[in-house]
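The values are calculated or read from the model by the stated rules, or taken from the named source; none is laboratory data. In this text, all values refer to a predicted model and were calculated from it rather than measured experimentally. We place every Cβ from the backbone using ideal geometry, glycine too, and count neighbours over all the protein chains shown.
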Amino acid sequence: MNRKSHHFLRLFFTGMAVVLFGCTTLMGAPSVISPDTVSAAESAHVEPTATLEPQPADDSSSGKRYTYRDMVAGFLQTGPEGGWRKANSESFKETAAELGILLKFHQSNNDYQDQKAAFRDYIDDAEINVIVLAALESTGWDNLLRDAKEAGKVVVIEDRRIDAPEDLYATYVGSDFTEEGRKAADAMCQLLDGSSKKNVVELVGNVGSSAARYRGQGFRENMGKCGITITQSETANWSAAEGEQVMRGFLNKSADIQGVFAQNDEMAIGAITAIQDAGMDPGADIKLVSVDGTYGAFKAMVDGDLNVTVECSPWLAPQVFEAALMALNGEDLPKWIPSREEVFWAEDAAGIIGSRRY
Ligand code: GYE
C-alpha cells in the first residue's frame with residue numbers, strides 16, 4: 001500500500017477516532033511524561049482517550065516540527081501471553097488510531113530471533129521514524145540499536161527493560177519490577193503473619209526477561225523481614241497452563257506450602273486449579289500473591305482464590321508516543337518514565353472490578 005493510501009486511511013481512522021472517542025484530549029491532559037503526573041482518568045484506570053488537537057503549524061524556521069501525524073511507528077510486541085499482553089497491544093492500536101499515528105505492528109510469537117529480525121526490517125523500512133520495543137530478552141540488542149540510531153530512527157523501550165547503553169535509545173517506559181517484587185513480599189508477609197511456617201513457592205516468568213529477573217530479586221530483598229523461605233522456584237513462562245503444571249509438581253514434591261508467589265496473574269490462575277485439584281483451598285490453606293492486576297486476577301480475588309495482585313499497568317502507549325514525539329523534535333527525555341502501580345487486595349476487589357479495562 002503506497003503512502004497516499006496510507007495517508008487516506010490514516011485520515012479516515014483519525015476522523016473516526018475523533019467522532020468515536022469524544023473530546024477528552026490526551027494532548028489536553030497533563031503531560032504523562034513526568035512520572036508523578038497522574039491524570040484523574042489514569043487513577044480511575046481508564047486511559048485518557050485522545051482526539052486531535054490542532055497541531056503546531058510547521059512554521060519553525062529551525063527545521064521540521066514533527067506532529068503525531070508525521071509519526072510512523074513500528075511496534076515490536078512479544079507474543080500472546082494472556083490478559084496483560086492483550087491489553088498492552090490494545091493500548092498501542094487504540095492510542096495510535098486516536099492520535100493519527102501510522103502503526104506497523106509485529107508480534108513475534110515469543111520467538112526472540114523473530115523479534116530481532118523484525119527489528120532489522122523496521123530499521124530498513126524508510127517510512128518508519130519510530131521503533132517501539134517490548135523486548136522478549138533483556139540482552140542482545142546493542143547492534144540493532146546502534147544501527148537504528150545511525151539510520152536516524154527514534155527507539156523507545158516499553159514494558160520490559162533491556163541491558164544496553166542508554167544513549168542508544170530515547171527512553172524506557174515501564175514498571176519498577178524490583179519494587180513490584182518487594183510489594184509482593186510485603187503482602188505475603190502480611191498474609192502469613194502468625195503462621196508457624198512460611199514456605200513459599202515461586203512461579204517465574206520467562207527466565208531471560210527483565211520482569212522475571214527483577215520481580216524475583218525484589219521479592220527476595222523483602223521476604224527476610226518476616227522469615228519467608230522460598231522452598232521451590234521454577235519457570236512457568238507467564239502462562240496459566242504451565243503455572244498449573246508446575247504447581248502440580250510443587251505439590252507432588254511437598255504439600256508443606258503456605259504461600260505462592262506468582263510473577264504474573266496467568267500463572268497464579270493456573271496454580272489455583274492445581275491447588276483445588278489437590279483438595280486444598282486456594283486463598284485460605286495456601287495464600288497467593290501475583291503481579292499485573294488483570295481482570296482475571298480481580299475475578300479470582302472476588303472468588304476468594306487469590307489474595308493480592310500487585311499492579312503492573314499495560315496501558316503504556318500514551319506515554320510512549322508522547323516521549324517518541326518529544327524525541328523526534330529533539331527534546332530532552334528522562335531515561336526512565338515509570339508507569340503507575342498499586343497493590344490490590346481481595347477484600348477490595350468487588351468494588352473495583354467493574355472499572356477495570358483489562
Ligand atoms: O507481567 C506478564 C507478561 O512484561 C510486565 O509480561 C510484562 C509481563 C507481565 O507476560 O503478564
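A few notes on this one:
- Among (1) touching a Lys or Arg at 6+ places or on another chain (Cβ under 6 Å); (2) more than 21 Å from Gly218 (Cα to Cα) - the single one Val343 does not satisfy: (2)
- Among (1) within 14 Å of the ligand (Cβ to nearest atom); (2) buried (at least 17 other Cβ atoms within 10 Å of the Cβ) - the single one Ala185 does not satisfy: (1)
- Of everything in the range 252-264 that is among the aliphatic types (A, V, I, L, M) and buried (at least 21 other Cβ atoms within 10 Å of the Cβ), the residue that is farthest from the ligand (Cβ to nearest atom) is Ile257.
- With respect to being within 16 Å of the ligand (Cβ to nearest atom) and in contact (Cβ under 8 Å) with a residue 40 or more places away in the chain, Met267 fits the description.
- Any hit, the range 88-100, residues being near the ligand (Cβ under 10 Å from one of its atoms) and not in a helix (DSSP H, G or I): no
- The listed residue being within 15 Å of the ligand (Cβ to nearest atom), in contact with a strand residue (DSSP E or B) (Cβ under 7 Å, 6 or more places away or on another chain), under 19 Å from Gly208 (Cβ atoms) and modelled with pLDDT of 95 or more, out of Ala118, Ala134: Ala134
- Flag for Glu311 being closer than 22 Å to Asn109 by Cα, surrounded by fewer than 24 Cβ atoms within 10 Å (Cβ to Cβ), within 16 Å of the ligand (Cβ to nearest atom) and of a type in the set (Asp, Glu): no
- When the residues of the range 62-75 are filtered to those that are on the phi < 0 side of the Ramachandran plot and small (Gly, Ala, Ser), the one that is farthest from the ligand (Cβ to nearest atom) is Ser62.
- Looking across Ala135, Ala184, Ala211, one residue alone is of a type in the set (A, V, I, L, M), within 18 Å of the chain's Cα centre (by Cα) and in a loop (DSSP other than H, G, I, E, B). It is Ala135.
Residue-wise test of (1) touching a Pro at 6+ places or on another chain (Cβ under 7 Å); (2) assigned to a helix (DSSP H, G or I).
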position: Ala323; (1), (2): no, yes
position: Glu331; (1), (2): no, no
position: Ile337; (1), (2): yes, no
position: Glu347; (1), (2): no, yes
position: Gly351; (1), (2): no, yes
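Table: residues versus (1) closer than 26 Å to Thr78 by Cα; (2) without any contact (Cβ under 8 Å) to a residue 24 or more places away in the chain; (3) not in a helix (DSSP H, G or I); (4) not aromatic (Phe, Trp, Tyr).
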{"position": "Gly279", "(1), (2), (3), (4)": "no, yes, yes, yes"}
{"position": "Ala284", "(1), (2), (3), (4)": "no, yes, yes, yes"}
{"position": "Lys299", "(1), (2), (3), (4)": "yes, no, no, yes"}
{"position": "Asp305", "(1), (2), (3), (4)": "no, no, yes, yes"}
{"position": "Met326", "(1), (2), (3), (4)": "yes, no, no, yes"}
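- Every residue from the range 76-87 that is small (Gly, Ala, Ser) and either within 7 Å of the ligand (Cβ to nearest atom) or assigned to a helix (DSSP H, G or I) (or both): Gly82, Gly83, Ala87
- Answer residue from the range 139-159, given it is touching a residue at least 60 places away in the same chain (Cβ under 8 Å) and within 16 Å of the ligand (Cβ to nearest atom) and is farthest from Met326 (Cα to Cα) among those: Thr139
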